[in-house]
Protein chains: 2
Amino acid sequence: MSTSSDDLRSIALAEFATAGYSATSLHRIADLAGLSKSSVLYHYSSKETLLEATIAPALDRMEQILDALEARTLSPEGRTAFLAEFVDFILQYRLEVNMFINQGPSLVDVPVIDRANDLVVRLSEYFAANTGSVEEKMRFGIALGGAAYMLCRADSLNFESAPIEQTRVALVNILTELLAPVDPITTNRI
Amino acid sequence: MSTSSDDLRSIALAEFATAGYSATSLHRIADLAGLSKSSVLYHYSSKETLLEATIAPALDRMEQILDALEARTLSPEGRTAFLAEFVDFILQYRLEVNMFINQGPSLVDVPVIDRANDLVVRLSEYFAANTGSVEEKMRFGIALGGAAYMLCRADSLNFESAPIEQTRVALVNILTELLAPVDPITTNRI
DNA sequence: TGCCAAACTGACCGATCGGTCAGATGCTGT
DNA sequence: ACAGCATCTGACCGATCGGTCAGTTTGGCA
């Protein structure tokens, strides 16, 4: 795998995540890479293949996390440990996550997107497993979609660039607060 | 304004919000409305005009809310009252909000989208006015992007349809918790 | 009935889309 | 020097895009 392939992958990722998959032409990706459209199609046989190469690593990592998660017991400690792991994941792959979170519904019938949607459903089912509460499910949706949105639009919302460790700690705080398990007796948050 | 115009507006809204603006062709909108593409362009002189008609009502309402908000004092009570108002707004216009939240960056140079982005910045500046805290800004981004995402993807995340009033109360709870002002002395959340 | 404007349509336009292909260019090992 | 493979390119293709236009259908009103 040469430098061009990796360049194309990261360029495509940035464009797909910000401008959207269908709004990004192969011509534009080629221009940004300093190549011709034909060269892009030499490295990736189709636009869809390029999309797949773009988000597959994130999906692999997320699948790995989910597999480990479902093998554990559903203890509150397990949840806390998972949250730290998940925050690291979403920080590392924020562009990819924002992509298949927000563009997932518009890219049905693309196999790699179907896979992404399946993973999101698996994750939501984990959080909804013990609670039938509507608010609990809403909290999960807000946490997932909100984190993906915030991390990608941070600069356009007048965030000064904060050190990554501060962002990580703050995000763990917020998601822990949002997703803390409900006390089933009093139905108050513990 | 005839029935066809309103039909086209609501059809376009649903398609733009779910499939994305650039991924939705005038031909598809015409098909869904049972009309020809030429008829769509008879009611709305361009695709961009149709987009404008689609989200302008939501922008008018949001601008109205922001004007009233900035005229008030920045008291915690003002914040609470605003949150209830804002939740009603986002529930009524969830498709429109999800559109210019998630597709805003990909539709620059479209005047109506620029207006939407300006409004989002105004809102974020209100919440960031008293706190330079990075976590506070992150909380705002998560609340805004998360609520928009959750309300539009509820069905795909195995939400059973809940009564609207329950959703409203739960959303006010969650956003209040997320956006509660920080105690400036201890920098703990009150 | 006749008339007129609103509503609607199909044919057509230039531009751009993703994708194919034959060939040019460069780089490496022999 | 030559062979061979990876890389890259421009010309070209059919399909679809947003948009224009001349003309037809429709419905209400005099």
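The values are calculated or read from the model by the stated rules, or taken from the named source; none is laboratory data. Computed from a predicted structure; not experimentally measured. Please note: Cβ atoms are built from the backbone with ideal geometry, for glycine as well, and neighbour counts cover all protein chains shown. Heads up: the accessible areas ignore ligands, DNA and RNA and are worked out on the full protein's heavy atoms, side chains in. Shrake-Rupley method; radii C 1.70, N 1.55, O 1.52, S 1.80 Å.
If I filter region A:155-169 down to residues being among the hydrophobic types (A, V, I, L, M, F, W, C) and within 7 Å of chain B (Cβ to nearest Cβ), which single residue comes out as surrounded by the fewest Cβ atoms within 10 Å (Cβ to Cβ)? Across region A:155-169, the extreme among qualifying residues is A:Ala162. Tell me, please, whether a residue that is open to solvent by less than 30 Å² (accessible area, probe 1.4 Å), within 12 Å of the chain's Cα centre (by Cα), without any contact (Cβ under 8 Å) to a residue 60 or more places away in the chain and closer than 27 Å to B:Ala143 by Cβ can be found in region B:19-30. Looking through region B:19-30, none of the residues is open to solvent by less than 30 Å² (accessible area, probe 1.4 Å), within 12 Å of the chain's Cα centre (by Cα), without any contact (Cβ under 8 Å) to a residue 60 or more places away in the chain and closer than 27 Å to B:Ala143 by Cβ.
How many residues, within region B:66-108, are of a type in the set (D, E, K, R) and in contact (Cβ under 8 Å) with a residue 24 or more places away in the chain? Break it down into steps so the answer makes sense when it comes.
So in region B:66-108, the residues of a type in the set (D, E, K, R) come out as B:67, B:70, B:72, B:77, B:79, B:85, B:88, B:94, B:96.
Checking which are in contact (Cβ under 8 Å) with a residue 24 or more places away in the chain leaves us with B:70, B:79, B:88, B:94, B:96.
Residues that pass the stated criteria total 5.
Quick one: which residue in B:Thr49, B:Thr73 is over 18 Å from the mean Cα position of the chain (by Cα), more than 30 Å from B:Ile164 (Cα to Cα), away from DNA strand D (no atom under 16 Å from the Cβ) and not charged (D, E, K, R)? Explain how you work it out, then say what you get.
Working: B:Thr49 fails: away from DNA strand D (no atom under 16 Å from the Cβ).
Going through B:Thr49, B:Thr73 in turn, the sole match is B:Thr73.
Taking A:Leu50 as the residue in question, decide whether it is assigned by TED's automatic domain parsing to the domain that holds A:Leu123, in a helix (DSSP H, G or I) and open to solvent by less than 30 Å² (accessible area, probe 1.4 Å). No. Within region B:54-66, not a single residue is loosely packed, with under 15 Cβ neighbours inside 10 Å and within 16 Å of DNA strand D (Cβ to nearest atom).
Tell me, please, whether a residue that is of a type in the set (A, V, I, L, M), open to solvent by less than 30 Å² (accessible area, probe 1.4 Å) and more than 16 Å from DNA strand C (Cβ to nearest atom) can be found in region B:68-85.
Our first condition is that a residue be of a type in the set (A, V, I, L, M); within region B:68-85, this holds for B:68-69, B:71, B:74, B:81, B:83-84.
Keeping just the survivors that are open to solvent by less than 30 Å² (accessible area, probe 1.4 Å) gives B:69, B:83.
Add one more test, that the residue is more than 16 Å from DNA strand C (Cβ to nearest atom), and what stays is B:69, B:83.
The answer is yes, given that some residue of region B:68-85 is of a type in the set (A, V, I, L, M), open to solvent by less than 30 Å² (accessible area, probe 1.4 Å) and more than 16 Å from DNA strand C (Cβ to nearest atom).
What do you reckon, is A:Leu151 more than 7 Å from chain B (Cβ to nearest Cβ) and either within 25 Å of B:Arg168 (Cβ to Cβ) or out of contact with any His (no Cβ under 6 Å at 6 or more places or on another chain) (or both)? When the stated conditions are applied, A:Leu151 passes them.
Looking at B:Leu32, is it within 16 Å of DNA strand C (Cβ to nearest atom) and assigned to a helix (DSSP H, G or I)? Before the answer, list the steps.
Working: within 16 Å of DNA strand C (Cβ to nearest atom): yes; assigned to a helix (DSSP H, G or I): yes.
In short, yes.
Could you please give the count of residues in region B:115-147 that are over 13 Å from the mean Cα position of the chain (by Cα), assigned to a helix (DSSP H, G or I) and away from chain A (no Cβ under 12 Å)? Result for region B:115-147: 0.
Part of a helix (DSSP H, G or I), at pLDDT 90 or above and either over 27 Å from A:Leu95 (Cβ atoms) or open to solvent by 40 Å² or more (accessible area, probe 1.4 Å) (or both): does that describe B:Leu95? Judged against the criteria, B:Leu95 is a match.
Might you check whether a residue that is within 13 Å of the chain's Cα centre (by Cα), at pLDDT below 90 and of a type in the set (Gly, Ala, Ser) occurs anywhere in region A:102-112? Yes, the conditions are met somewhere in region A:102-112.
Considering only region B:14-29, state which residues are assigned to a helix (DSSP H, G or I) and within 12 Å of DNA strand C (Cβ to nearest atom). B:Leu26, B:His27, B:Ile29 - these are the residues of region B:14-29 that are assigned to a helix (DSSP H, G or I) and within 12 Å of DNA strand C (Cβ to nearest atom). Inside region A:1-42, residues that are within 13 Å of DNA strand D (Cβ to nearest atom), within 14 Å of another protein chain (Cβ to nearest Cβ) and of a type in the set (S, T, N, Q) make up a count of 2.
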